[in-house]
Each structure stands twice: as structure tokens, then as C-alpha cells.
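For reference, the structure is listed below as C-alpha cells.
Read-outs throughout are calculated quantities, based only on the coordinates presented, and are distinct from any laboratory measurement. This structure is a prediction, so every number in the text was calculated from the model and none was measured. Here the Cβ is made from the backbone with ideal geometry for all residues, glycine too, and neighbour counts use every protein chain on show.
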């Protein structure tokens, strides 16, 4: 199982917890040391055991990736989570026209849903089960874990997961951690919305069951964030250097714009 889970990690673009190269100018990080927010910490694992969470390498802590408070004048009420899979941002709306912004990685399933939902389930060190389609199309890789992978450092969902529901039904849309911090800020081959483990731990503590979530459509993203281009390193940058953190005046957060089940999902069977 250990060998199979490691193969699964690499197939999903995940990296083992090993030393990573020193940052270079091409990463876009201007830090000289790891901020306290992203330093190593010890969490409680799925069986009550201590689990060391490594510090995030500063090479991955670009300005757009780092958790930070920004102006936000959009229509969403304080407490709402706003996911923008196209700008690769997640906002947690605050009082006073502010929001906490998190950089995210977006997998294929991260663009399979847009509109309104609520968080109806939260899981610490969640389990993960590949879909029947994943097992059918790649039995060599996913067959050994077809019955599920327990929570832990080998698990693609990372340290925490938030599960989105609409109309009482699971959308199969997940906001979760990752064991591959190098993926944050980039598009990935699989998965939904990944955050640094330190960031999902922070968000997990703040959001209760029933929290409203708005997932932007491509049109909403362009309207609110402006045009973006992707760098050779895989990160997004604004065209002309302009960043918009809020929706235009009069914008309305409506009901579901498109609620289709993603072709690749994080968990075919809810964890636990």
C-alpha cells in the first residue's frame, strides 16, 4: 500500500516531503525567510498521532500565493468563501470591505462547477477514494487503492478538506490541502482546489458547517480579476499589472450558474 500510495502521489503531481531547491528569481518570491504563518508545525493525525507538517519553501511563496488581507467590495456577505479557479485565488470575506486571500492550485475538477453552494462537511486528514472511471481508465495506478486511501501524509487531500453541497447534494467539489506545495498558484492535472496545508488548517478552523461558498465562472473571474497571463513557470500575472479584488458595483451573487459533476473528483466516497 505504501508503494501504491507513493505512485499515486507522483501521478497527481504531488511531491514527497523532501528538501527543495533554493528559490530563484524566476519564482517571483521576494522573501528572504519563511514567514511564521508558513513555518513547520505539528498537527494531530487521523489516529491521534503527531504529524509533522514541513515549512513551505520560500520558492513557492510568491506574492500571489501568500495568504494576505486585501480590499474586497464584492456583493458577498462577510463569512462567505469565494473561489476563483481561473485567477487561482480563494477569498474569505471579512467585515469592513476586506477579505483574506489565499493562493490555490486548481485541478481539472476545479472548473467543473460554478455558482453557489454551502459547506456541509469538514474532515481532518480525510480519506480519499478514486472514482470508478479513474480505476477503469488507469487500473495499474488506481487499482491498488480502489477501496480508498486513509488520511495521512500520503493522501492527495492533505491535512483538511471542506466538502461543498448544493440543494442537499454533494457537488464533489472540494477545498483541501496538498502534499505538493510547489503546485500552489498553478493549474494541475487532477483535483479541485488545493491550498498550502498551513492555509487549509487556518481556513478550516474559521469556517463552520453551513458556510456559504461562491465559485466564480470564467466570465465572473475576468470581470472581477481582469485579464491574466500565465508565466513560463506556470504562475498567473495580471495583464498591465492591474489587480481587481472586488466585484463591480451592482454585481449580484446568484444561484448556481452551472452545476455539473466534475469528470475527475477528489472523493467518490465521502471520507469517514
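Worth pointing out:
- Range of Cα positions in the range 34-138 per principal axis (Å), largest first: 45, 34, 28
- Distance distribution note for the range 100-149: the fraction of Cα pairs above 15 angstrom is 68%.
- With the biggest extent put first, the Cα atoms of the range 115-186 measure 37, 27, 24 Å across the principal axes.
- Shape analysis of the range 29-96 places it in the oblate category; the axes a ≥ b ≥ c from the Cα gyration tensor give an a/c of at least 1.5, with a/b not above b/c.
- The range 97-239 - Debye-derived log10 I(q)/I(0), Cα point model, q = 0.14, 0.17 Å⁻¹: -0.72, -1.07
- A simple spin-label model places the labels of residue 31 and residue 95 2.9 nm from each other, with each point 7 Å out along Cα-to-Cβ.
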